[in-house]
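Participant: Got a structure for you, written out below as structure tokens; questions coming shortly.
Quick note: the coordinates plus some simple rules give every number you see, no bench work behind them. Nothing here was measured: the structure is a model prediction, and the numbers come from that model. With ideal geometry, Cβ positions are generated from the backbone for all residues, glycine too; neighbour counts draw on all protein chains shown.
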Amino acid sequence: KSHPMKAAADKVTGALRGDTGPAEGIPGKPGAETPPVDEPTAPRGPLPPTPDQGSPATVSPTGQPTGADPSDLGQAGPYLTTAQGARLYETDKSLKAGARGPVLLQDHHLREKITHFDHERIPERVVHARGAAAHGVFQGYGTAAQVSKAAFLAKDVETPVFVRFSTVLGSRGSSDTVRDTRGFATKFYTAQGTFDLVGNNIPVFFIQDSIKFPDIIHAGKPHPDREIPQAQSAHDTFWDFVSLHTEATHHTMWNMSDRGIPRSYRMMEGFGVHTFRLVNAEGQTTLVKFHWKPKLGVHSLVWEEAQIINGMDPDFHRRDLADAIEAGAFPQWELGIQTFPDNPEQMYEGIDLLDPTNIVPEEIAPVQPIGLLTLNANPTNYFAETEQVAFHPGHLVPGIDITDDPLLAGRLFSYLDTQITRLAGPNFAQIPINRTHAPVNDMLRDGFHQDAVHAGVAPYRPNSLDGGCPFLAGADTGAYIEVPVEVPAARKVREAPATFSDHFSQPRLFWKSLTDVEREHLIGAYTFELGKCYEQAIKERQLKVLANIDPQLCEQVATGLGLPVPEPTVELTPVTPSPALSQLGQVWPPDGRIIGIVTDGAGDLAGVRSVRQAVLDAGMVPLVIAPAGGKLDPSGDPITIQRSFATARSTEFDAILLAGVPGPGADAYGARDAKAGDEAARAAGATDPRVLLMLSEAYRHGKAIGGWAGADAVLAAAGVPADAPGVIVGDGGDATLGQITELLGNHRVWERFAPAL
Ligand code: HDE
């Protein structure tokens, strides 16, 4: 059968053999005639994948009605078989010499089953081990056309994507809501090859040169002797390193701010961190920084809440993402770029663009939207997709190139290298989730886990035996061609440029740009983390770092630690605040926010019903909370109870509505909750203590609280003043909800946090 590229290849091999005259037709040679791009790149072997790598739309990970094709399900046929396809008659009992006798070594099924199980785990990622991911689509706006020729950025082009969010320090089984940087890695399966934007939710990094990566990670990971603490920076080795290594100050400050504890993956920004170089169709270049802007706004937890969730629901972010997607509330981000002229200095307004500890304030370089990301499908299998996905900042497409940021340089080496251990060999690009959607025609062969059955005898170039050599593409046939940037004449040195040595003015800029509430949180975080260190010298050294940022910050943390306030050792140069760095001050849509509706299960069911509907109509998620599970009004118009008093905790909700919970003095318990231990409380006519805890926490964490029908008394019992900001006691569900929705636009009732500043 004639191979699609054979005709074109014949021409080339003929030319190489010299039997059709001179080789002027060889593409890739100067002056060559360029063939259409698809001809020489016809796929071979089992690549590319099935039309889309998205999960089958019919499969629901949480058991929703699927109507799935049997081939999409785990059990694809009527009979259980071995891996070799032999049907099994028994899988629960080993082969033995008699029912009470020894197990026989000849039991192949036993050995195959256990051996496979023994090898089910692969090494976790050395960093970013804990993560959650989703499939989606990216749609270009076309606004980047002037600066980049990348085809996927063109107007209305839709590109499938897979996005993995992660924490950095913790192990695979660690908790989601720890204080840490979050990874935000996106794989764009573009028609020109895969582009990976492997970013974080913090726009700067701890180090300026990749050679220091093992140092910062060894310092941040648990102590090598006891392997504690897990997934956090509140310990001596971390603070030892960052206090000695002051280029980490800016990133550390972001970690100590509310950015270190996001409310949801859906509500965080993402950043490419490094400066990249875009190139347009005319070959002109522009330096850019990439930003992801969440449609739901940038929101965070408060520290106490984050700590409670660590125990109550360690999978909080993972669950939140999967639930939202399953509910059809697809999270969205706009991709934006800040653009800078590609001048030889690679500086902008005095800011060194090659220093990854710098941001460029949005006020002086606005973020211009270039496309929309929508996550619309959960993975079908966590291991196959989320665990095996392999990102790499070197996966680039024509139109996007790198700069000489020395942090990026090491990454371009590291990501390929790490997959060889993690995914056991060099063929991980053949794992379905990692397969490009562009045709592949490489000459890579063999190796562990080779899935392709390559035909032919000549995986080398040039060749004349295997249909000829594939053409080399040119710029007009979609080749990836590195921008031929000038490399200045230089000496070989292990040095950083002088512009890399200011470690304090950008942290000062960040501090000065925050509101009082955010500063208060930041002070609290430093005080907590340093308070967890054993070594006095480390605390004192870090206070000296803070003194070089801002005297007020330093003084407050020193007071919390009970230590003297050191003097600054650098000049505290003034900075112009950047309001865009603050998370407060903007109003966001309440879409997808979670409203807990608390009821005693007997009282105002009409109220529960109507407010539940109103929450849904407002695009939010109602969760009905009652003393026990099951349904309210089971024989009439049943309402499903999603949380019982035993399973509900305030941390799951963005706002709480009291839809009829009797206060002290009334019979607070429905008959269905007649637990023996509660008799005394019932006799005293008290409100369930779990409801009171829910309310007092929600109040302390700045959440909106609404209620009617006796809510005053319950609030009073919980210590919540009925006239406090963000507490709404009305006489009807809808009006109350309207006010709550408005409050959610600001995320929290910030007035309740009374900053001491
Ligand atoms: Fe990574 N990083 N990194 N990193 N990184 C990895 O690659 C590395 C850095 C980031 O969901 C590893 O596949 C070095 C900056 C994310 O699978 C590894 C340096 C940024 C993820 C690696 C950095 C990131 C990783 C571990 C210093 C933000 C998770 C497993 C030069 C711009 C991707 C793996 C996922 C993962 C190396 C610094 C983001 C070891 C050497 C800066 C989001 O290759």
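Participant: Placing unit charges on C-beta atoms (Lys and Arg positive, Asp and Glu negative, everything else neutral), compute the dipole magnitude of region 93-189 about its Cα centre in debye, rounded to 20.
Facilitator: 240
Participant: Taking every DSSP beta bridge with both residues inside the chain, roughly what % is antiparallel (nearest 5)?
Facilitator: 75
Participant: Sticking with this structure for a sec: Among 149-157, 629-637, how do they line up by average Cβ neighbours within 10 Å per residue, starting with the highest?
Facilitator: Listed from highest to lowest mean packing, they are 149-157, 629-637.
Participant: Something else: Take the residue pairs K155/K187; K187/K221; K149/K289; K187/K289; K221/K544; K221/K295 and return only those whose Cα atoms are more than 21 Å apart.
Facilitator: Those over the limit are K187/K221; K221/K544; K221/K295.
Participant: I need the shape label for region 504-581. Rule: rounded when a/c is under 1.5, else prolate if a/b > b/c, else oblate, with a, b, c from the alpha carbon gyration tensor.
Facilitator: oblate
Participant: Still on this structure, I have one more. Measuring from centroid to centroid over Cα atoms, what is the spacing of region 591-609 and region 464-536 in Å?
Facilitator: 48
Participant: Would region 213-343 count as rounded, prolate or oblate if I go by the C-alpha gyration tensor, calling it rounded below 1.5 in a/c and otherwise prolate when a/b exceeds b/c, oblate otherwise?
Facilitator: Oblate shape, in that a/c is at least 1.5 and b/c is the bigger or equal ratio.
Participant: If the only charges are +1 at each Lys and Arg Cβ and -1 at each Asp and Glu Cβ, what is the size of the charge dipole of the chain around the Cα centre, to the nearest 20 debye?
Facilitator: My answer is approximately 1700 debye.
Participant: In degrees between 0 and 90, to the nearest 10, how far off the longest principal axis of the chain does helix 689-700 point, with axes built from Cα atoms?
Facilitator: Once rounded, the angle reads 60 degrees.
Participant: Could you line up K93, K293 from fewest to most neighbouring Cβ atoms inside 10 Å?
Facilitator: So the residues, fewest neighbours to most, are K93, K293.
Participant: Okay, next question. Is the shape of the chain best called rounded, prolate or oblate, per the rule: a/c under 1.5 gives rounded, else a/b larger than b/c gives prolate, else oblate, with a ≥ b ≥ c the square roots of the Cα gyration tensor eigenvalues?
Facilitator: Cα axes put the chain in the oblate bin.
Participant: Okay, next question. Helix 406-422 versus the longest principal axis of the chain: what angle, 0 to 90°, nearest 10, using Cα atoms?
Facilitator: On a 0 to 90 degree scale, this one is about 90.
Participant: Still on this model: Quick check: the distance between the Cα centres of region 357-432 and region 268-321, to the nearest angstrom?
Facilitator: First find each Cα centre; the distance between them is then 13 Å.
Participant: Let me have the relative contact order for the chain, percent, based on Cα pairs under 8 Å that are six or more residues apart.
Facilitator: Averaging sequence separation for qualifying contacts and normalising by length gives 13 percent for the chain.
Participant: Could I ask something else about it? Which order results if T569, T186, T499 are arranged by neighbouring Cβ count within 10 Å, fewest first?
Facilitator: T569, T499, T186
Participant: Rank-order 121-128, 237-244 by packing density, defined as the average count of other C-beta atoms within 10 Å over each peptide's residues, highest first.
Facilitator: 237-244, 121-128
Participant: Exposure proxy check: K703, K539, K212 ranked by fewest other beta carbons within 10 Å?
Facilitator: The most exposed by this proxy come first: K212, K539, K703.
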